[in-house]
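Data first, discussion second: the structure below is written as structure tokens.
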Amino acid sequence: MSISEIYYMPAIEIAMAIREKKLSPVEVVDAILARVDKLNPKLNAYCTLLTDDARKQAKAAENLVMEGGEIGVLHGVPVSIKDLVFTKGVRTTFGSRIYENFIPDADNVVVERLKAAGAIVMGKTNTPEFGFMGVTDNLLFGPTRNPWNLERHAGGSSGGAAAAVVSGMGPLAIGTDGGGSIRIPSSFCGAFGLKPSYGRVPRGPGLPDWQTLSHTGPITRTVTDAALMMEVIAGRDDRDINSLPETKLEYLPSFKGDLKGLKVGWSPDLGYALVDPEVLAITTTALGVFESLGAEVEDAGLKLENQGRTFTIIWGVTLASEVADKLEEWRGEMDPRLVQMAERGMNVRAIDYAYAAQARKEFWSQIQPSFEKYDVLLTPATSVPAFDVSTYQVTEIAGVKGSPALEWTPFTYPFNFTGQPAASVPCGWTEDGLPVGLQIVGRRFADATVLRVAAAFEKAAPWADKYPALD
């Protein structure tokens, strides 16, 4: 097998080939490291690369296979970890100069489980400082660029993870999502990204829990690989008080070839969002795929209230709680936009925060009836395709200028409020060759349904065989 064949080989196929001794973990890791060496200078997806350690892990994995030892389901498969997630003995910076030399003494639960399944950690992927915005750029490492156009953003805050997967620098990546940070970069880069149900994948040890907003989940090229990852990382762990009680969860067996009888609601704007006309056209066209698979698709007619201000209050206060005690010493070394956001959060009155928490609950009462009627809800993943890497904000959408900060991500953060499972699947490309993502939102705790629907869509409208022109 050639090195180039390994770059885009699905993780489930790599694991099987290793198990059958048709492929060595050493070959796999060497191929991925060669790919990283070639492309990371262009993309800046990895901020810390574990070259020597990965090769050491690969050799040990190879020896275990040859000796006939017991191996895990991801034995010898490379994985990257977002730089917000603790990795024992490996620098974890949170994209901040404050933690430039910080080395955790424990693994996050997710990392612990991936290692136990035999996965080989290749390194840490880039993120904005403390994951505070929807594009990946920071003062420590600089911007991560989009594999489809190096002058465009990869999205954020798991931009390094998505760019690495799509460019063939590893089949599996761990991201986190506090307001769209898995789904936004997956949409921008043309990856599959799943925000699992809140509590489905345990969190910690690590930074504060972002007030029940942040979820940890997979970013992959294929739905099957994400399902395989979920079987490893999901399930109860009492170190996380919010972890759900189910254990030994299985997602791959739930995949079916069609979606007969599935009730699908479609909302092009949730009742308030502005959407780029090309994004709207591409996502609307994707509805025909679901109908061809036997699903019953209809406009959900949603007229929800824009929760941008509510999200800004909760997110800002939470961010302030993480950095307030560091501002006096580190202000000049921090992203000015982060400082501004944190200072606004510090000035929020307790009563206004309580009102925001109540508004979050009221939003659930608005959206919940739709999930009595529909098995899944479809929306665009983002309002725009990837935009210029020299800016961090969109100033115009659908001819409307002066868009607020959250205007281009109106579809993602509402479902961090509700904790529902939500995924972004590639559903087409713009005339400029940029990916467009479709968001699939499931009922509470229905992660398996989201994966099944995404897998059926992928089979009918595959995307993983489309590669960016990076070579």
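Every number here is computed from the coordinates shown, using simple stated rules; none is lab data. Values in this document were obtained by computation on a predicted structure and should not be read as measured data. Counting neighbours? That spans all protein chains shown, and the Cβs are built from the backbone with ideal geometry, glycine included.
Apply 1/(1 + (r/R0)^6) to the Cβ-Cβ distance of residue 322 and residue 355, taking R0 = 25 Å, and write down the FRET efficiency to the nearest 0.05. That pair, residue 322 with residue 355, gives E of 0.70.
The distance from the alpha carbon centre of segment 50-128 to that of segment 348-423 is 32 Å, rounded to a whole number. Where only DSSP H runs of four or more residues are counted, the chain gives -11500 deg cm²/dmol as its mean residue ellipticity at 222 nm, each run worth -39500 (n - 2.57). In sequence order, segment 305-315 has phi-based couplings of 7, 5, 9, x, 5, 4, 4, 4, 5, 5, 5 Hz under the Karplus curve 6.51 cos²θ - 1.76 cosθ + 1.60, θ = phi - 60°, and Gly or Pro positions carry x.
When the charge dipole of the chain is built from unit charges on Cβ atoms (+1 for Lys and Arg, -1 for Asp and Glu) and taken about the Cα centre, the candidate among 175, 201, 304 whose Cα reaches farthest toward its positive end is 201. Label separation (residue 63 vs residue 242): 4.1 nm, computed from points 7 Å beyond Cα along the C-beta direction. With neighbour counts taken as other beta-carbon atoms within 10 Å, the residues 458, 298, 343, 328 rank, fewest first, as 328, 298, 343, 458.
Since only 293, 350, 330 are under comparison, the one whose Cα sits farthest along the positive direction of the charge dipole of segment 271-351, derived from C-beta charges on Lys, Arg, Asp and Glu, is 350.
If you count the DSSP beta bridges with both ends in segment 12-460, what percent of them are antiparallel, to the nearest 5? Bridges in segment 12-460 are about 65 percent antiparallel. Farthest towards the positive end of the charge dipole of segment 96-243, among the residues 214, 165, 126, is the Cα of 165, using unit charges on the Cβ of Lys, Arg, Asp and Glu. Annotation note: GluC sites (Glu not before Pro) in segment 1-33 located in DSSP loop regions with a Cβ neighbour count of at most 10 within 10 Å are 20. Taking the Cα centre of the chain as origin and assigning +1 to Lys and Arg Cβ atoms and -1 to Asp and Glu Cβ atoms, the resulting dipole is close to 440 debye.
Among the listed pairs 21/124; 248/459; 82/195, a Cα-Cα separation exceeding 21 Å is found for 21/124; 248/459.
Sorting 254, 96, 158, 24 by the number of Cβ atoms found within 10 Å of their own Cβ, with the fewest placed first, yields 254, 24, 96, 158. As a proxy for reagent exposure, ranking 189, 47, 427 by other Cβ atoms within 10 Å from fewest up yields 47, 427, 189. A Förster distance of 45 Å, applied to the separation of the beta-carbon atoms of residue 284 and residue 343, puts the FRET efficiency at 0.65. About its Cα centre, segment 83-210 has a charge dipole of approximately 260 debye under the convention of +1 per Lys or Arg Cβ and -1 per Asp or Glu Cβ, with nothing else charged.
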